[in-house]
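Quick notes on the structure that follows.
The values are calculated or read from the model by the stated rules, or taken from the named source; none is laboratory data. Nothing here was measured: the structure is a model prediction, and the numbers come from that model. Here the Cβ is made from the backbone with ideal geometry for all residues, glycine too, and neighbour counts use every protein chain on show. These area figures cover heavy atoms from the full protein model, side chains too; ligands, DNA and RNA do not enter into them. Shrake-Rupley method; radii C 1.70, N 1.55, O 1.52, S 1.80 Å.
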Amino acid sequence: MLRVWTVTELRAALQSMPRPVGLVPTMGAVHEGHLSLVKQARSDNATVVATIFVNPTQFDETQDLEHYPRPIEQDLALLESEGVDLVFTPSTDEMYHPGFMTTIHIEGPAREFEGAARPGHFDGVATVVAKLLLQSLPEVVYFGRKDAQQVAVVRRLVSDLDIPVALAVMSTIREHDGLAMSSRNVTLSEDQRRAAPALFLALSAMRDRYRSGMQNAVQLKEGCTALLTQELLFDLVDYVALVDEETFIPWGGTGSCLLVAAVRMGSVRLIDNVVLD
Ligand code: AMP
C-alpha cells in the first residue's frame with residue numbers, strides 16, 4: 001500500500017494504477033464499518049483508494065474535533081490488510097491552503113435534522129467530498145448508510161455538479177448489541193456504552209411494528225420517541241422522523257422510507273436509522 005500526503009502525489013500515483021478506481025473517504029479511527037466499504041470497493045475495482053482526513057470544516061464543536069480519535073498507524077495497518085492500494089492522508093493545509101475561500105452549500109436534503117443540529121456541517125462535508133472526488137476522479141465512491149443524510153447530500157452534490165462518479169451505499173455495520181459502529185463510540189463512558197444500543201432497539205421495534213402492518217407515520221414516530229425517552233441516559237431526543245431516503249423530505253408513502261433518529265448523551269451525539277420495508 002502506497003501512502004501519499006499531497007494532491008500532486010495522489011494524481012501522479014493514480015496515473016499508473018489500473019481503472020476502475022474505487023474511493024473510500026474516511027476520517028480514520030477505522031472500524032468494521034469502514035472496512036465493509038473497503039471490501040466492497042476491493043471486489044468492484046482494479047484500484048482502491050482510501051482517504052483519511054479529519055475534516056475540520058464539518059465539525060461544529062471544537063471539543064468534538066479535538067477529541068476525535070486519530071490512531072493513524074493502526075488505521076494504515078487495517079486498510080492495508082483489506083487490500084487498499086493507495087491511501088491519501090493530507091494535512092489540513094494541503095486541503096485548505098492559505099486563501100481558501102470556497103464553500104459548497106446544499107439546500108434540500110442538507111437543511112433539516114443533522115443540518116439543523118450542526119450548523120455548517122453539511123457545507124463542510126459537501127466541500128471536502130467535492131475536493132476528494134476532483135482530486136482522485138474515481139469511477140465509484142463508497143459511503144455508509146449509517147450516515148444516511150450525508151448520502152442524500154452527496155447524491156445531490158454529484159447530480160447538481162455533474163460529477164462523473166457512481167455512488168455505492170453500503171449497509172450499516174453494528175456491534176453485537178446493535179449499536180452502529182462509529183469512530184466516536186470509543187468516547188462513550190461505560191454507562192453510556194451500555195445505554196447506547198437503546199437507539200437501535202427503538203428503531204428496530206418500530207420497524208417490526210411497520211412490518212406487522214402499523215404504517216401510520218405519526219404513530220411510528222411517537223412510538224419511537226416514547227421508547228427513546230425511557231432511556232434515562234439519553235438527555236435529549238433530538239429528532240425522530242420518517243423521511244424519503246433520497247430527498248430527506250417527510251416520507252410521502254412511496255419510495256424507500258427511512259426512520260431516522262438522533263439522541264444526545266452528555267456531550268455525545270448518536271445517530272442511526274433503519275429502512276422501513
Ligand atoms: P467517517 O470516518 O465517520 O467519516 O466514515 C467514513 C465512511 O464510513 C462514511 O461513508 C460512513 O457513512 C461510513 N461508515 C461509518 N460507520 C459505518 C458503519 N457502522 N457501517 C457502515 N458504514 C459506516
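Restricting segment 194-210 to residues that are free of Cβ contacts under 8 Å to residues at least 40 places away in the same chain and surrounded by fewer than 18 Cβ atoms within 10 Å (Cβ to Cβ), which is farthest from the ligand (Cβ to nearest atom)?
Only one residue tops the list, namely Arg209.
Please find, within segment 159-175, the residue that is farthest from the ligand (Cβ to nearest atom) out of those that are among the hydroxyl-bearing types (Ser, Thr, Tyr) and out of contact with any Asp or Glu (no Cβ under 8 Å at 6 or more places or on another chain).
Looking at residues that are among the hydroxyl-bearing types (Ser, Thr, Tyr) and out of contact with any Asp or Glu (no Cβ under 8 Å at 6 or more places or on another chain), I get Ser159.
Go through segment 65-84 and count every residue that is under 20 Å from Val129 (Cα atoms) and in contact (Cβ under 8 Å) with a residue 60 or more places away in the chain.
Qualifying residue count for the region: 3.
Which one of Val48, Val30 is out of contact with any Lys or Arg (no Cβ under 6 Å at 6 or more places or on another chain) and either within 13 Å of the ligand (Cβ to nearest atom) or not polar (S, T, N, Q) (or both)? Don't jump to the end; show me each part of the working.
On the way: Val48 fails: out of contact with any Lys or Arg (no Cβ under 6 Å at 6 or more places or on another chain).
Testing whether each residue is out of contact with any Lys or Arg (no Cβ under 6 Å at 6 or more places or on another chain) and either within 13 Å of the ligand (Cβ to nearest atom) or not polar (S, T, N, Q) (or both) leaves just Val30.
From the set of residues in segment 176-186 that are of a type in the set (Gly, Ala, Ser) and near the ligand (Cβ under 9 Å from one of its atoms), which is farthest from Gly144 (Cα to Cα)?
Looking at residues that are of a type in the set (Gly, Ala, Ser) and near the ligand (Cβ under 9 Å from one of its atoms), I get Ser183.
May I ask you to verify whether Leu23 is in contact with a strand residue (DSSP E or B) (Cβ under 7 Å, 6 or more places away or on another chain), away from the ligand (no atom under 15 Å from the Cβ) and either at pLDDT 95 or above or among the aliphatic types (A, V, I, L, M) (or both)?
On the way: in contact with a strand residue (DSSP E or B) (Cβ under 7 Å, 6 or more places away or on another chain): yes; away from the ligand (no atom under 15 Å from the Cβ): no; either at pLDDT 95 or above or among the aliphatic types (A, V, I, L, M) (or both): yes.
For Leu23, the condition - in contact with a strand residue (DSSP E or B) (Cβ under 7 Å, 6 or more places away or on another chain), away from the ligand (no atom under 15 Å from the Cβ) and either at pLDDT 95 or above or among the aliphatic types (A, V, I, L, M) (or both) - is not met.
Please verify whether segment 116-132 includes one or more residues that are more than 22 Å from Ser256 (Cα to Cα), open to solvent by 20 Å² or more (accessible area, probe 1.4 Å) and either within 15 Å of the ligand (Cβ to nearest atom) or modelled with pLDDT under 95 (or both).
yes
So the check is Cβ under 7 Å with 6+ separation or different chains; which pairs have a first residue in segment 144-158 that's closer than 14 Å to Glu114 by Cβ and a second one that's of a type in the set (S, T, N, Q) and more than 9 Å from the ligand (Cβ to nearest atom)?
Ala148/Asn273; Ala152/Thr247
Across segment 169-195, what is the total count of residues that are touching a Phe, Trp or Tyr at 6+ places or on another chain (Cβ under 9 Å) and either of a type in the set (A, V, I, L, M) or more than 13 Å from Glu32 (Cα to Cα) (or both)?
Adding up the residues that qualify gives 9.
Would you pick out the residues in segment 1-28 that are assigned to a loop (DSSP other than H, G, I, E, B) and either among the acidic types (Asp, Glu) or crowded, with 16+ Cβ neighbours inside 10 Å (or both)? Give the derivation first.
First pass over segment 1-28, keeping only residues assigned to a loop (DSSP other than H, G, I, E, B): 1, 5-6, 16-20, 27-28.
Answer for segment 1-28, where residues must be assigned to a loop (DSSP other than H, G, I, E, B) and either among the acidic types (Asp, Glu) or crowded, with 16+ Cβ neighbours inside 10 Å (or both): Met27, Gly28.
Yes or no, residue by residue, for (1) farther than 24 Å from Ile104 by Cα; (2) out of contact with any Asp or Glu (no Cβ under 7 Å at 6 or more places or on another chain):
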{"site": "Thr8", "(1), (2)": "no, yes"}
{"site": "Arg19", "(1), (2)": "yes, no"}
{"site": "Val24", "(1), (2)": "no, yes"}
{"site": "Gly33", "(1), (2)": "yes, yes"}
{"site": "Ala46", "(1), (2)": "yes, yes"}
{"site": "Asp64", "(1), (2)": "no, yes"}
{"site": "Gln74", "(1), (2)": "yes, yes"}
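Taking Leu35 as the residue in question, decide whether it is within 13 Å of the ligand (Cβ to nearest atom) and touching a Leu at 6+ places or on another chain (Cβ under 7 Å). Can you show your working first?
Values: within 13 Å of the ligand (Cβ to nearest atom): yes; touching a Leu at 6+ places or on another chain (Cβ under 7 Å): yes.
So Leu35 fits the description; yes.
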